[in-house]
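**Student:** One structure is given below, represented as structure tokens, and several questions about it will come after.
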Amino acid sequence: MKELLNYAESIQDSNSANVKVQFKETQGGSPDINVQDILRKIRFDRIGNDDATIICVCDQDQYTPEQFARAQAEAAEHGILLCVSSPCFELFLVLHFQEVTAPADFRWCERKLERYLGEPYQKADPKIFEKIRAAGGSAGDAVRRARRMAAQTDPASRFTANPYTELHLLVELLADSADL
């Protein structure tokens, strides 16, 4: 999920929030495997401390509600915030430009981004946040739209809802709200 790491680092670099963040990629796979990988990194790589907020971001992809439920239970037990995005991280990027209320898939999000950016969307583009801003996209609008989306979604269906994203939680942690 290099695209998320690039976006998050760009958000952090462009804002004045006084938050120290370490970004670590997981081995990938199902949400429950990602949470287990984070727990290994906490133990062996010494990431996090008592004051750290640890967030695991997972695309809904093809994973089952049972895999998300296992991941949520383990994450909650260890103080990890599990953030879900359905169908994919790119939904949050589209929210920089527009509301999304109908079910979407990665290809739909990719086409929307290409239309707004005026160029092919590249998943691991290290300049994606800058390109979105240059194209008139707003992180503040994305956060507001994602908050509204989350508020309108039954919490019991957060692992199956489409569209749905909780990435605003990560952005709010990384950015001073005045800078969004």
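**Student:** Can you pull out the residues in the range 144-166 that are assigned to a helix (DSSP H, G or I) and either without any contact (Cβ under 8 Å) to a residue 12 or more places away in the chain or surrounded by fewer than 20 Cβ atoms within 10 Å (Cβ to Cβ) (or both)?
**Tutor:** Residues satisfying the conditions are 144, 147, 148, 150, 151, 155, 156, 157.
**Student:** One residue is enough: does the range 115-123 have a residue meeting the conditions over 19 Å from residue 173 (Cβ atoms), at pLDDT 90 or above, touching a Cys at 6+ places or on another chain (Cβ under 7 Å) and surrounded by fewer than 21 Cβ atoms within 10 Å (Cβ to Cβ)?
**Tutor:** Looking through the range 115-123, none of the residues is over 19 Å from residue 173 (Cβ atoms), at pLDDT 90 or above, touching a Cys at 6+ places or on another chain (Cβ under 7 Å) and surrounded by fewer than 21 Cβ atoms within 10 Å (Cβ to Cβ).
**Student:** Moving on. Restricting to the range 115-143, name every residue that is of a type in the set (D, E, K, R), over 16 Å from residue 95 (Cβ atoms) and assigned to a helix (DSSP H, G or I).
**Tutor:** Of all residues in the range 115-143, those of a type in the set (D, E, K, R) come to 115, 119, 123, 125, 127, 130-131, 133, 141.
Now drop any that are not over 16 Å from residue 95 (Cβ atoms), which leaves 119, 123, 125, 127, 130.
The one that is of a type in the set (D, E, K, R), over 16 Å from residue 95 (Cβ atoms) and assigned to a helix (DSSP H, G or I): 130.
**Student:** Name the one entry in 147, 111 that is basic (Lys, Arg) and out of contact with any helix residue (DSSP H, G or I) (no Cβ under 9 Å at 6 or more places or on another chain).
**Tutor:** Only one candidate qualifies: 111.
**Student:** Can you work out which of the residues in the range 62-99 that are small (Gly, Ala, Ser) and not in a strand (DSSP E or B) is farthest from residue 38 (Cα to Cα)?
**Tutor:** 69
**Student:** Do you know which of the residues in the range 159-175 that are farther than 10 Å from residue 83 by Cβ and among the hydroxyl-bearing types (Ser, Thr, Tyr) is modelled with the highest pLDDT?
**Tutor:** Going through the qualifying residues, I end up with 164.
The values are calculated or read from the model by the stated rules, or taken from the named source; none is laboratory data. Quantities reported herein were computed from a predicted structural model and do not represent experimental measurements. Positions of Cβ are generated from backbone atoms using ideal geometry, with glycine treated the same way; all protein chains shown enter the neighbour counts.
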